[in-house]
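A.B. asks: Below are the structure tokens for one structure; questions will follow.
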Amino acid sequence: MTNPIPKIVVVGGGAGGLELVTTLGRKLGKKGKAEITLVDSTHTHIWKPLLHEVAAGTLDSHEDEIEYLSQAMCSGFRFRLGKMDGLDRKNKTINVAATHNERGVEIIPPRTFDYDYLVIAVGSVSHDFGIKGVEEHCLFLDTTSQAESFQAQLLETYLRAHTQGAPVKESQLDIAIVGAGATGVELSAQLHEVSHLLTAYGLDEVKPTDVKISIIEASNRVLPGLPENLSAATERELAKLGVEILTNERVVEVTADAIKTESGKVIPAAIKVWAAGIKAPDFLKDIAGLETNWINQLVVKQTLQTTLDDDIYAIGDCCACKWIGQDQNVPPRAQAAHQMASLVYKSIKYRMADKEPPEYYYHDYGSLVSLGRYSTVGNMMGGLSKGSLKVEGFLARMMYLSLYKMHQVSLFGFFRVAMLSLSHLFRRSVHPKIKLH
């Protein structure tokens, strides 16, 4: 160690990063056993699986977001605003870029932070695979600001159609979602619900039937990364909602008003969403000579330490960790990030006591997909039952909600989460069911 007490820096305040830094702060920071710092490029945290609800407007991000500074004050760590853009392994420092306001004025200069243990938990971003027109014409749902921008564009499109004094034109309100993973599927169901809510709230010149929602997927089924029985159940539910599912269709170009596929199909759409694959942020590619894979993920050992530097860990979507017993890496899911955060806390604690770090074994507890108020489908104990124990309806919905509650409990404790849940119930009774501005 080069410091009187170890300095632990966590970069990225997503599900895994914020849970980890909160635990480290409470167990080590408050007791003066370590100096804990969280670095993130935004001021607030929201659980990423909720972003499709923010995009649809069925969730107001300002009600569920967590202020990093507030969480830091309560939990015994420091928060520093900024985006990591470099790493010096020899001197054990990270570089953080300057922060500018909306007018381009620098408000925080470039800085460096030194560390004894570094945990990189920067998550993932959408991967456009270099397809022509995606970056220019598609919306993404990687961050809260992107989800809010989507919601604003959606509402503007509805308002324009409602007040134009003429019937809605063909494809004027069509929405095309590229990618039938959990994000694309859950967003499609939320948008179906929104089409009915906006009519109920007075935008009645637009009928729900004026809105056509399509999902375009290169694989042969929706949810290709999940068990086939879950995929089939989800597809049946989407068909009931009138969502058009186009499988075995690889997108080759996106234009201002349509999506083109390899088979020659042209899917017109006013709003186009890209949810077809992920990669780690580009700045991680071969950073400081560390081993990365083709989607920029840091390759880690079973201890979650990077292969070339034991003092640097990676967790969550930005790491490539072998799934023991499977011919693949650990999938990019919230439950994996949660488990990784728990293990890295133990690892750092063990190493501070000169013990060998533990190894990570991913436990698949199943998958759940929410289709809004219409249905929730999933499978329990996926790794044990081989995905055969399927759940649907009310039970699946309660399980889905419990995942977010577990995340909140890890950050706030049971009592505060109970109070937050009660507060949420009261707010829902007086607020509209959809964000209308």
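The values are calculated or read from the model by the stated rules, or taken from the named source; none is laboratory data. What you are looking at is a predicted structure, and each value in this text was computed from that prediction instead of being measured. Reconstructed Cβ throughout: ideal geometry from the backbone, glycine too, with neighbour counts over all protein chains shown.
A.B. asks: Would you mind finding the one in Lys132, Lys92 that is crowded, with 17+ Cβ neighbours inside 10 Å and among the basic types (Lys, Arg)?
C.D. replies: Going through Lys132, Lys92 in turn, the sole match is Lys92.
A.B. asks: In segment 232-244, is there at least one residue being out of contact with any helix residue (DSSP H, G or I) (no Cβ under 8 Å at 6 or more places or on another chain), over 30 Å from Gly86 (Cβ atoms) and part of a strand (DSSP E or B)?
C.D. replies: Yes; the residues of segment 232-244 include at least one that is out of contact with any helix residue (DSSP H, G or I) (no Cβ under 8 Å at 6 or more places or on another chain), over 30 Å from Gly86 (Cβ atoms) and part of a strand (DSSP E or B).
A.B. asks: Being buried (at least 22 other Cβ atoms within 10 Å of the Cβ) and among the acidic types (Asp, Glu): is that true of Asp317 here?
C.D. replies: Yes: the conditions hold for Asp317.
A.B. asks: From the list Asp114, Asp128, which one is touching a Cys at 6+ places or on another chain (Cβ under 9 Å), in contact (Cβ under 8 Å) with a residue 60 or more places away in the chain and more than 24 Å from Ser61 (Cα to Cα)? Can you show your working first?
C.D. replies: Numbers: Asp114 fails: touching a Cys at 6+ places or on another chain (Cβ under 9 Å).
Exactly one of Asp114, Asp128 is touching a Cys at 6+ places or on another chain (Cβ under 9 Å), in contact (Cβ under 8 Å) with a residue 60 or more places away in the chain and more than 24 Å from Ser61 (Cα to Cα), namely Asp128.
A.B. asks: Hey, among the residues in segment 289-314 that are of a type in the set (A, V, I, L, M) and surrounded by fewer than 19 Cβ atoms within 10 Å (Cβ to Cβ), which one's farthest from the chain's Cα centre (by Cα)?
C.D. replies: Ranking the qualifying residues of segment 289-314, first place goes to Leu308.
A.B. asks: Just to be sure, is Thr307 within 18 Å of Glu359 (Cβ to Cβ), touching a strand residue (DSSP E or B) at 6+ places or on another chain (Cβ under 8 Å), at pLDDT 95 or above and not charged (D, E, K, R)?
C.D. replies: Answer is yes for this residue.
A.B. asks: Going residue by residue through segment 239-249, is there one that turns out to be farther than 18 Å from Leu191 by Cβ and surrounded by 17 or more Cβ atoms within 10 Å (Cβ to Cβ)? Explain how you work it out, then say what you get.
C.D. replies: Going residue by residue through segment 239-249, those that are farther than 18 Å from Leu191 by Cβ are 247-249.
Next cut, surrounded by 17 or more Cβ atoms within 10 Å (Cβ to Cβ) only: 249.
Checking segment 239-249: at least one residue is farther than 18 Å from Leu191 by Cβ and surrounded by 17 or more Cβ atoms within 10 Å (Cβ to Cβ).
A.B. asks: Exactly one condition in (1) in contact with a helix residue (DSSP H, G or I) (Cβ under 9 Å, 6 or more places away or on another chain); (2) loosely packed, with under 14 Cβ neighbours inside 10 Å is false for Phe150; which is it?
C.D. replies: Of the numbered conditions (1) in contact with a helix residue (DSSP H, G or I) (Cβ under 9 Å, 6 or more places away or on another chain); (2) loosely packed, with under 14 Cβ neighbours inside 10 Å, the odd one out for Phe150 is (2).
A.B. asks: How many residues, within segment 50-88, are at pLDDT 95 or above, under 20 Å from the mean Cα position of the chain (by Cα) and aliphatic (A, V, I, L, M)?
C.D. replies: 2
A.B. asks: Considering only segment 97-124, state which residues are among the β-branched types (Val, Ile, Thr) and surrounded by 15 or more Cβ atoms within 10 Å (Cβ to Cβ).
C.D. replies: Residues satisfying the conditions are Thr99, Val119, Ile120, Val122.
A.B. asks: Do we have Val299 as modelled with pLDDT of 95 or more and aliphatic (A, V, I, L, M) here? Full working, then the answer.
C.D. replies: Working: modelled with pLDDT of 95 or more: yes; aliphatic (A, V, I, L, M): yes.
Taking the combined requirement at face value, the residue satisfies it.
A.B. asks: Only residues in segment 167-186 that are closer than 15 Å to Leu241 by Cα count as the first member; pair them with residues that are at pLDDT below 90 and assigned to a strand (DSSP E or B), Cβ under 6 angstrom, at least 6 apart or cross-chain, and list the lot.
C.D. replies: Final answer for the pair search is Val185/Val369; Glu186/Ser370.
A.B. asks: List the strands (runs of 3 or more DSSP E) that sit entirely inside segment 261-316 and contain at least 3 residues that are over 18 Å from His127 (Cα atoms). Even if it seems obvious, please write down each step before you answer.
C.D. replies: Working: elements: 266-268, 271-274, 309-314.
The strands (runs of 3 or more DSSP E) meeting that bar are 266-268, 309-314.
A.B. asks: Does segment 164-180 contain any residue that is over 24 Å from Glu217 (Cα atoms), hydrophobic (A, V, I, L, M, F, W, C) and either surrounded by fewer than 14 Cβ atoms within 10 Å (Cβ to Cβ) or modelled with pLDDT of 95 or more (or both)?
C.D. replies: If we filter segment 164-180 for residues that are over 24 Å from Glu217 (Cα atoms), which is where we start, we get 164-169.
Narrowing the set further to residues that are hydrophobic (A, V, I, L, M, F, W, C) leaves 166, 168.
Right, trim to either surrounded by fewer than 14 Cβ atoms within 10 Å (Cβ to Cβ) or modelled with pLDDT of 95 or more (or both) and you get 166.
Checked against the condition, which is being over 24 Å from Glu217 (Cα atoms), hydrophobic (A, V, I, L, M, F, W, C) and either surrounded by fewer than 14 Cβ atoms within 10 Å (Cβ to Cβ) or modelled with pLDDT of 95 or more (or both), segment 164-180 yields at least one hit.
A.B. asks: Please list, ordered by first then second residue, the pairs with beta carbon atoms under 8 Å, 6 or more apart or interchain, first in segment 349-367 and closer than 20 Å to Val300 by Cα, second aliphatic (A, V, I, L, M) and exposed (fewer than 12 other Cβ atoms within 10 Å of the Cβ).
C.D. replies: Hits for this filter: Tyr361/Ile324; Tyr362/Ile324.
A.B. asks: Continuing with this model, one more query. Taking segment 302-321 only, how many residues are touching a Pro at 6+ places or on another chain (Cβ under 9 Å) and charged (D, E, K, R)?
C.D. replies: Final tally of qualifying residues: 2.
A.B. asks: For segment 187-207, which positions are under 30 Å from Ile278 (Cα atoms) and either free of Cβ contacts under 8 Å to residues at least 12 places away in the same chain or small (Gly, Ala, Ser) (or both)?
C.D. replies: Passing the criteria: Ser188, Ala189, Ser195.
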